[in-house]
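Below: one structure, written as structure tokens.
The values are calculated or read from the model by the stated rules, or taken from the named source; none is laboratory data. This one's a predicted model, so the numbers in the text were calculated from it and none came from an experiment. Note that each Cβ is placed from the backbone with ideal geometry, even for glycine, and that neighbours are counted across all protein chains shown. Quick note on the areas: whole protein, heavy atoms, side chains included, nothing else; ligands and nucleic acids left out. Shrake-Rupley method; radii C 1.70, N 1.55, O 1.52, S 1.80 Å.
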Amino acid sequence: MMGWGFFANSILLGFGLAMDAFSVSIANGLHDPTMKKTKMCLIAGTFGFFQFLMPMTGWVCVHFLAEAFNAFQPFIPWIALFLLTTIGGKMILEGLRGENNTDSTAPETSLSYRLLAVQGIATSIDALSTGFAIADYHWTMALLASALIAVVTFLVCMVGVRIGKRFGMKLARRASVLGGLILIAIGIEIVLTH
């Protein structure tokens with residue numbers, strides 16, 4: 001039965017799951033302080049999509065592949081750490097190289113679709129275990145809960161990108177290094193708190 005409790009729980013779950021994506025959105029805003037609104041929507045939309053996909057994937061795993069999912073679950077934080085450290089390291093290197101290059105004053109602003117997808121997976125992979133939290137739901141309720149999580153994530157990430165852009169303009173080249181350090185810190189935090 002879908003009552004107010006269901007909607008409140010789904011929205012709160014969305015806020016909890018969106019925090020890593022929020023931090024990465026800030027890092028992306030720091031990395032590209034001149035970002036256009038379409039790119040901001042693309043970033044927030046990517047994170048929202050993966051935060052929708054992962055709980056539903058977890059729900060399917062619980063119902064159809066529970067044994068395999070249980071075996072895979074201990075590796076989830078380590079995969080997130082690897083992905084975020086790789087991306088963060090690349091951002092740090094770009095920022096350090098940029099600081100030595102006096103001919104250019106604008107930061108490197110290339111955030112490819114592939115890199116954005118990797119960020120989306122890395123920040124939402126722990127949401128696979130949300131499949132356990134919503135395992136008792138009928139598939140339509142699981143779908144709606146995942147959609148609410150996605151909407152919350154989208155809104156939270158739009159705020160994150162805006163915050164990052166505002167500070168990125170002030171920090172210039174150092175923003176890329178700071179963004180990379182934030183990503184690595186998020187990866188470590190995921191491993192330590194999982």
- Query: Rank Met19, Met158 by accessible area, highest first, at a 1.4 Å probe radius?
  - Reply: Met19, Met158
- Item | Exposure of Leu12 as accessible area (Å², to 10), given a probe of 1.4 Å and all protein chains | 120 Å²
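For Val24, Val177, give me the order by solvent-accessible area with a 1.4 Å probe, most accessible first, ignoring ligands, DNA and RNA.
These residues rank, largest area first, as Val177, Val24.
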- Under the Karplus curve 6.51 cos²θ - 1.76 cosθ + 1.60, θ = phi - 60°, whole-Hz ³J(HN,Hα) for the range 27-38, x wherever Gly or Pro sits: 4, 5, x, 4, 5, 9, x, 9, 4, 7, 4, 5
- Cβ-Cβ cut-off under 15 Å around Gly16, Lys and Arg +1, Asp and Glu -1: the net charge is -3
- What do you reckon, how do Cys61, Cys41 stack up by accessible area (1.4 Å probe), largest on top? Cys41, Cys61
- Message: Let me check I've understood the local charge: for Ala80, count other residues with C-beta under 12 angstrom from its C-beta, Lys and Arg +1, Asp and Glu -1. What total comes out?
- Response: -3
